[in-house]
Each structure stands twice: as structure tokens, then as C-alpha cells.
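Novice: I have a structure I would like to understand better, so I am pasting it below and will then ask my questions one at a time.
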Amino acid sequence: MTDPVEAAFAELATHAEAVEPLHMRDLFAVDANRFERLSARLDDLLVDYSKNRIVPATMDLLVALARAAGVEAWRERMFSGEAINGTEARAVLHVALRNTAKRAFTVGGQDVTLDVHAVLARCRAFADGVRSGQVKGATDKPFTDVINIGIGGSDLGPAMVNIALAPYNDGPRIHYVSNVDGAHIHDTLARLDPATTLVIVASKTFTTLETMTNAASARAWIAEALGEDAVPRHFAAISTAIPKVKAFGIEEHRAFGFWDWVGGRYSVWSAIGLPVMIGIGPDRFEEFLAGGQAMDDHFRTAPLEQNLPVILALIGVWYRNLLGFPTQAILPYDQRLARFPAHLQQLDMESNGKRVRKDGRLVARPTGPVVWGEPGTNGQHAFYQLIHQGTDIVPVDFLVAAEPHETLGDHHAKLVANAFAQAEALMRGKTADEVRAELEAAGMAPDAIDALAPHKVFPGNRPSTTILYRKLDPFTLGRLLAMYEHKVFVEGVIWDINSFDQWGVELGKQLASELLPIVKGEAEPDARDGSTAGLVRHFRALKG
Ligand code: F6P
């Protein structure tokens with residue numbers, strides 16, 4: 001019997017042969033309702049996917065693929081707390097963290113709602129204390145600055161949210177230190193006064209090399225300036241490993257827990273969001289959670305055909321597997337989403353950068369794309385050349401707010417005009433005839449036109465999806481982030497991979513710990529491969 005997923009892929013492959021030669025310029029010309037047909041919304045949040053290389057029948061076939069892969073059943077398995085992260089035997093229940101409506105969520109038969117809300121209440125009290133100045137440092141001064149020390153999911157999520165919600169930050173300044181490169185913590189500490197600085201050590205495992213190294217340096221900085229006794233007053237921790245937190249010297253009432261059913265890259269909704277909460281206040285943080293929950297409700301209940309995360313995922317699968325595009329650009333026309341592409345990079349690439357299926361067999365087709373991006377309009381003056389005229393086709397997501405936070409002349413109109421123009425240019429392109437007509441009108445000689453015209457042609461038919469929302473407030477940021485989380489989940493289900501483990505990060509960590517004594521000169525590199533041994537020797541010679 002044919003596997004229903006393979007059958008759906010086979011139908012899509014035949015369909016792709018028919019769709020690939022079509023130009024979107026023509027598809028718009030013959031269908032006045034293409035935008036209405038190929039866009040979907042959740043309240044003000046609009047996803048316009050009409051500028052993609054699809055026809056309405058493509059979506060029908062893709063939805064059939066999603067059904068064949070069991071997306072609806074897997075979605076229920078996730079929401080019901082089943083251990084769908086098979087290689088780690090863990091549930092995947094970040095949706096329980098943004099449960100502002102206090103619905104019941106269970107893991108192993110235990111309702112986790114009370115625990116989630118108990119930690120949230122403790123975070124709230126601590127954040128309020130720091131913000132009001134009730135929680136003070138060892139010299140009785142209120143905290144003006146908070147450093148979050150963490151990496152990966154313990155850094156990217158909260159750092160991205162803090163930047164995105166800067167207009168709401170009415171608390172202390174929040175800084176993020178992640179890299180083990182001493183330059184990162186050095187340059188951060190150099191600007192700060194230990195007497196008014198709170199350090200939060202954020203690590204799910206509380207063993208990560210970078211975080212523990214930075215935490216030790218920050219601890220020494222506090223102890224040197226204010227004395228060893230000051231350490232407990234200047235530190236807090238977020239972790240699932242509370243005994244390790246205590247062993248570091250952080251008191252239990254300053255330790256905020258979460259659970260193994262929260263993946264690092266999905267953890268900003270947990271106590272990992274504490275620095276955000278200190279910055280914008282607990283009420284605003286709850287609006288962010290409520291936005292996540294609104295998207296969860298939509299994802300769980302909307303028909304697949306109108307389901308925003310599902311639509312994004314299906315377009316992703318179409319490009320990756322049927323048209324063979326290797327990357328996906330995230331281009332926010334919203335400066336405060338500057339770190340959104342970096343966060344999505346971890347979310348998508350750590351989740352779906354997998355080559356074996358859930359049962360260990362090799363996958364049958366490519367999985368997660370390379371995710372990258374920068375805010376517009378900056379990117380336009382850097383890498384858009386390749387997106388418009390390069391030999392690879394890069395599907396793009398544009399993110400655009402209707403309202404800015406600041407009223408500054410016509411900045412926002414210019415920003416939005418550029419976003420829409422890029423989407424239009426990518427779709428429409430510029431034909432050789434159009435180029436020649438323009439050059440002729442400018443009075444150029446025929447020979448010169450022949451030479452220049454090919455360089456000025458834009459093939460067009462380059463895909464983009466535009467995500468348009470009213471304003472980048474906490475609620476909307478929550479919706480956007482949860483939308484991409486569920487997109488990644490749906491793609492993982494279709495590819496039959498475990499999106500929730502990350503074994504691919506382990507080998508490098510293991511070899512780094514073997515190489516550390518060799519790099520330090522405490523052992524010899526003889527047993528390493530020729531390149532590594534050569535690098536170590538040259539490194540040692542250079543550093544003297
Ligand atoms: O190395 C990858 C990783 O395990 C990520 O998945 C995680 O977000 C990051 O490291 C940080 O881990 P931790 O929060 O345990 O310090």
C-alpha cells in the first residue's frame with residue numbers, strides 16, 4: 001500500500017511541474033481576486049501569501065499533504081502533553097506557559113497549570129520588587145541595570161523581545177551577555193556599576209560552558225567590588241536545575257524554575273522571560289503571553305486552510321521540497337525586530353535541521369532551510385541584489401507594522417512604501433522590453449542598450465509573504481512568535497522528524513572540552529588530525 005504522505009508528495013511533484021513555469025505577473029493579471037483568495041488573517045494580523053509561486057490548487061494539495069502527515073493529530077498530541085520529543089522522552093508544552101486563560105494542561109497525568117502560575121507569580125513579585133527599588137543591592141541602592149547571562153534559547157528569545165518592546169521598557173536597563181569571548185562580558189561590565197547591577201544567570205541545564213564561564217566572571221566582579229557577602233544580593237537564576245543554582249551560591253528564593261518539557265528555544269515564555277518582565281513590567285509581559293495564547297487558540301481551532309502557521313509551513317515545504325529553494329529570509333520592516341531573524345534562526349534550524357526521521361531512518365527529502373535575515377531597509381543596500389538578480393531563489397517573509405510607536409515626519413510611510421515596493425519588484429520583475437524602452441526613452445544609443453540591457457533585467461517571479469499587523473506591541477509580538485513556533489512544528493510533522501531535540505550541538509561541545517587543555521598548553525595535540533594539530537601549534541606560536 002502506498003504511504004499517504006508519499007502519495008501526496010507525488011501529486012505535488014506533478015503539480016509543481018505545471019506551476020513552475022508560471023509567472024506570478026500573469027497569475028495576478030488573470031485573477032482579480034488572487035489577493036483575497038491567497039491571504040488569511042487573525043483579527044488585524046494579515047498574512048498575504050498571494051505573491052508566492054502557487055495557484056489555489058497548490059494550497060489544496062498542500063493541505064492534503066498536511067492531513068496525510070497527521071498534522072491535526074500531532075497538534076493534539078502536543079497540546080495534550082504527550083511525550084512527542086521521543087529521543088529525550090519529554091512532552092513539549094511551551095503552550096502551557098502562555099496559558100493566561102488557565103486551561104488545564106497535563107504532563108504524565110499531572111496538571112502543570114498551578115506550577116506554571118506559581119512560578120509566574122514569583123517572577124512577578126521579584127520583577128515588581130526590582131522595578132520599584134524594594135529589591136536592592138548590598139549597598140542598599142536600587143538596581144539600575146540588569147545583566148542576563150545565558151546563551152541560545154536562554155538569551156536569544158528574551159534579548160529579541162527586549163529590543164522589540166523597547167518602547168514599553170520603563171524599568172532598569174537590560175543587558176545580555178552570551179558569548180564565551182571575554183570581550184562580551186568585559187565590554188558590558190565596563191559600562192556598569194556593580195553596586196546597582198543585578199545579574200541573572202539563565203541556563204536550563206546550568207552547565208553550559210559559556211554561561212557558567214560568564215557567570216563566574218560576573219561573580220568575581222561583584223565580589224571584588226562589594227565583597228563576597230554581596231553575591232547573593234546581586235544574583236538571581238533561572239534554571240530547571242535548582243540544586244546546581246544553589247551550589248553556585250544563589251539563594252533558593254532568587255531561583256526561578258522551569259521544566260524539562262520546555263525546550264530552550266521555546267523558553268522565553270517561562271521564567272527565562274524574567275529580564276523582559278523586569279524591563280517592561282509584569283502586566284505587559286502577560287500581554288505578550290496572551291498574544292502567544294491567542295495564536296495557540298487559532299492554531300488549534302482554525303481549519304488548516306485558514307490557519308496562519310499551517311499556511312506558512314506549507315509554503316515552506318513547497319519551496320524546500322517541490323521547488324528546491326535552500327534558504328528562507330526573514331526581513332522585518334520594523335527595526336525593533338532586528339533580532340527576530342536570529343531568534344527564528346535558532347527556532348527553525350535547531351528544530352528542523354535534522355537528517356533522520358523519528359524512527360531513525362534517513363529522511364527522504366530535504367528538511368529545514370537555512371534561515372537568515374536583517375531588517376529592511378538596511379538589507380536593501382546590502383544583499384537584496386542577490387535576492388532580485390542572483391541565481392538562487394530566496395523566499396522572503398516581510399514583516400510590517402501599520403502604526404509606528406513614534407511620530408516622526410514621514411519615516412513610517414517611507415518604510416512601508418519600501419517594504420511593499422520590494423515585494424512588488426520581486427514578484428513583477430522588469431522585462432527586457434521594459435528595460436529597452438526605458439533606455440531608449442533616456443536617449444541611449446542602440447549598441448549601448450544591447451550591452452547594458454541584460455544587466456538591468458529583473459526576472460521577477462521571486463516569492464514573498466507579507467505579514468502585516470497594526471503595531472508591534474507585546475500582544476502582537478506574542479502572536480508573531482507563536483505563529484512561527486507552530487510553523488516550525490507543522491513542517492517537522494510533515495518531514496517526520498523530531499523538532500524538539502538538538503543532538504547536533506553535542507559533538508562540538510565534546511571536542512571543545514577535549515581541546516581546552518591542549519589549547520591551554522597543558523597537553524600536546526599529537527593525537528589530533530593534522531589540521532587541528534597544525535592550528536594548535538600555530539596558535540601557540542602566535543600567542544607567544
Ligand atoms: O547548545 C544548544 C543549547 O542546548 C540550546 O538548545 C539551548 O537553548 C542553549 O544550548 C542553552 O542551554 P542552557 O539554557 O541549558 O544553558
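The values are calculated or read from the model by the stated rules, or taken from the named source; none is laboratory data. From a predicted model like this one, the values you see are computed outputs, not experimental measurements. Every residue, glycine among them, receives a Cβ derived from its backbone with ideal geometry; neighbour counts consider all protein chains shown. Note: accessible area is taken over every heavy atom of the protein model, side chains too, but ligands, DNA and RNA are not part of it. Shrake-Rupley method; radii C 1.70, N 1.55, O 1.52, S 1.80 Å.
Novice: Would you pick out the residues in segment 353-378 that are outside any loop (DSSP other than H, G, I, E, B) and either within 16 Å of the ligand (Cβ to nearest atom) or at pLDDT below 95 (or both)?
Specialist: The answer is V371, and nothing else.
Condition check ((1) surrounded by fewer than 17 Cβ atoms within 10 Å (Cβ to Cβ); (2) touching an Asp or Glu at 6+ places or on another chain (Cβ under 8 Å); (3) at pLDDT 95 or above) across all residues:
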{"site": "N52", "(1), (2), (3)": "no, no, yes"}
{"site": "A57", "(1), (2), (3)": "yes, no, yes"}
{"site": "R77", "(1), (2), (3)": "yes, no, yes"}
{"site": "V92", "(1), (2), (3)": "no, no, yes"}
{"site": "A104", "(1), (2), (3)": "yes, yes, no"}
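Novice: Considering only segment 462-473, I want to know if a residue exists there that is within 16 Å of the ligand (Cβ to nearest atom) and either open to solvent by less than 80 Å² (accessible area, probe 1.4 Å) or among the small types (G, A, S) (or both).
Specialist: No, every residue in segment 462-473 fails to be within 16 Å of the ligand (Cβ to nearest atom) and either open to solvent by less than 80 Å² (accessible area, probe 1.4 Å) or among the small types (G, A, S) (or both).
Novice: Oh, and also: So which of E305, E350 ends up being open to solvent by 10 Å² or more (accessible area, probe 1.4 Å), among the acidic types (D, E) and within 16 Å of the ligand (Cβ to nearest atom)?
Specialist: The match here is E350.
Novice: Residue under question is A220, and the condition is that it be at pLDDT 95 or above, exposed (fewer than 14 other Cβ atoms within 10 Å of the Cβ) and more than 16 Å from the ligand (Cβ to nearest atom); does it hold?
Specialist: yes
Novice: If you don't mind, there's one more thing I want to ask. N148 versus (1) crowded, with 16+ Cβ neighbours inside 10 Å; (2) in a helix (DSSP H, G or I); (3) within 15 Å of the ligand (Cβ to nearest atom); (4) at pLDDT 95 or above: which is the lone unmet condition?
Specialist: (2)
Novice: Next up: So is L209 under 28 Å from E506 (Cβ atoms), open to solvent by 20 Å² or more (accessible area, probe 1.4 Å) and modelled with pLDDT of 95 or more or not?
Specialist: Yes; evaluated as a whole, the condition is true for this residue.
Novice: Which members of segment 37-60 meet the condition of being hydrophobic (A, V, I, L, M, F, W, C) and farther than 26 Å from R428 by Cβ?
Specialist: Within segment 37-60, just L42 meets the criteria.
Novice: Right, something else. Only residues that are part of a helix (DSSP H, G or I), acidic (D, E) and over 17 Å from the mean Cα position of the chain (by Cα): list them for segment 435-493, please.
Specialist: E438, E440, D447, D450
Novice: Please specify each residue of segment 118-141 satisfying the condition of being of a type in the set (A, V, I, L, M), within 22 Å of A225 (Cα to Cα) and open to solvent by 20 Å² or more (accessible area, probe 1.4 Å).
Specialist: V135, A138
Novice: Which of (1) over 25 Å from the mean Cα position of the chain (by Cα); (2) surrounded by fewer than 17 Cβ atoms within 10 Å (Cβ to Cβ) does T87 not meet, given it meets every other one?
Specialist: The number of the failed condition is (1).
Novice: From V177, V201, V161, which residue is within 16 Å of the ligand (Cβ to nearest atom) and over 16 Å from A237 (Cβ atoms)?
Specialist: V161
Novice: I need the full set of residues from segment 257-289 which are touching a Phe, Trp or Tyr at 6+ places or on another chain (Cβ under 9 Å), surrounded by fewer than 23 Cβ atoms within 10 Å (Cβ to Cβ) and among the aromatic types (F, W, Y), in order please.
Specialist: none
Novice: Just name the residue that is modelled with the lowest pLDDT out of those in segment 197-206 that are on the phi < 0 side of the Ramachandran plot and crowded, with 18+ Cβ neighbours inside 10 Å.
Specialist: Here the residue is K204.
Novice: Is there a residue being open to solvent by less than 40 Å² (accessible area, probe 1.4 Å), in contact with a helix residue (DSSP H, G or I) (Cβ under 8 Å, 6 or more places away or on another chain), among the β-branched types (V, I, T) and touching a residue at least 60 places away in the same chain (Cβ under 8 Å) anywhere in segment 19-27?
Specialist: no
Novice: Additional query: Out of all the residues in segment 364-397, which are open to solvent by less than 40 Å² (accessible area, probe 1.4 Å) and aliphatic (A, V, I, L, M)?
Specialist: Listed by number, the residues that qualify are V371, I387, I393, V394, V396.
Novice: Taking interchain pairs and intrachain pairs at least six residues apart, which have beta carbon atoms under 6 angstrom, with the first residue in segment 131-157 and closer than 20 Å to V245 by Cα and the second outside any helix (DSSP H, G or I) and away from the ligand (no atom under 16 Å from the Cβ)?
Specialist: Going by the 6 Å Cβ cut-off, the qualifying pairs are V146/P172; V146/I174; V146/L198; I147/H175.
Novice: Looking at segment 483-512 only, could you name the residues that are touching a Leu at 6+ places or on another chain (Cβ under 8 Å) and open to solvent by 40 Å² or more (accessible area, probe 1.4 Å)?
Specialist: K509, A512
Novice: Moving on to the next point. Give the residues of segment 166-193 that are open to solvent by less than 20 Å² (accessible area, probe 1.4 Å) and under 17 Å from K136 (Cα atoms), sorted by residue number.
Specialist: P172
Novice: Continuing with the same structure: Output the number of residues of segment 1-25 satisfying the condition of being hydrophobic (A, V, I, L, M, F, W, C), closer than 30 Å to E434 by Cβ and outside any loop (DSSP other than H, G, I, E, B).
Specialist: So the count comes out to 4.
Novice: Separate question: With the structure loaded, tell me whether S464 is under 30 Å from G86 (Cα atoms) and of a type in the set (G, A, S) or whether it fails that test.
Specialist: It is false that S464 is under 30 Å from G86 (Cα atoms) and of a type in the set (G, A, S).
Novice: Still on this structure, I have one more. Restricted to segment 108-117, and to residues that are assigned to a loop (DSSP other than H, G, I, E, B) and under 30 Å from the mean Cα position of the chain (by Cα), which residue is surrounded by the fewest Cβ atoms within 10 Å (Cβ to Cβ)?
Specialist: Checked segment 108-117; the qualifying residue surrounded by the fewest Cβ atoms within 10 Å (Cβ to Cβ) is G108.
Novice: For the subset of segment 164-174 comprising residues that are part of a helix (DSSP H, G or I) and small (G, A, S), which member is farthest from the ligand (Cβ to nearest atom)?
Specialist: Going through the qualifying residues, I end up with A166.
Novice: Can you tell me how many residues within segment 513-544 are assigned to a helix (DSSP H, G or I) and open to solvent by less than 50 Å² (accessible area, probe 1.4 Å)?
Specialist: Within segment 513-544, residues that are assigned to a helix (DSSP H, G or I) and open to solvent by less than 50 Å² (accessible area, probe 1.4 Å) number 7.
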